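*Asks:* Here you go, one structure.
Nothing in this text is a laboratory measurement; each read-out follows from the coordinates by a stated rule. Just so it is clear, the model here is predicted, and its values are computed rather than measured. Glycine also receives a Cβ, built like all others from the backbone with ideal geometry; neighbour counts cover every protein chain displayed.
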Amino acid sequence: MIVLRLILVLSLAGLSGLVLAWLLTKDRKYLRIAGRIVRFLIVLGVVVALVFIAERLILI
């Protein structure tokens, strides 16, 4: 659980840095990288949710 929180905090820090870099430079490559991070976080969230659901089903 601590690993998930660490990943979340680091990715939010990275996203805020990328958005700040985009605001300062107006270079769209920073938004593309931020979009990849957001997609990764969504996929990670779905995988973790499926693991928790499978864990619950196995324990029942």
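*Asks:* Quick check on this structure: which one of A21, A34, A54 is touching an Asp or Glu at 6+ places or on another chain (Cβ under 8 Å) and at negative phi?
*Replies:* A21
*Asks:* Anything in segment 6-52 that is surrounded by 12 or more Cβ atoms within 10 Å (Cβ to Cβ) and either of a type in the set (S, T, N, Q) or not in a helix (DSSP H, G or I) (or both)? List them, or say none.
*Replies:* Passing the criteria: only S11.
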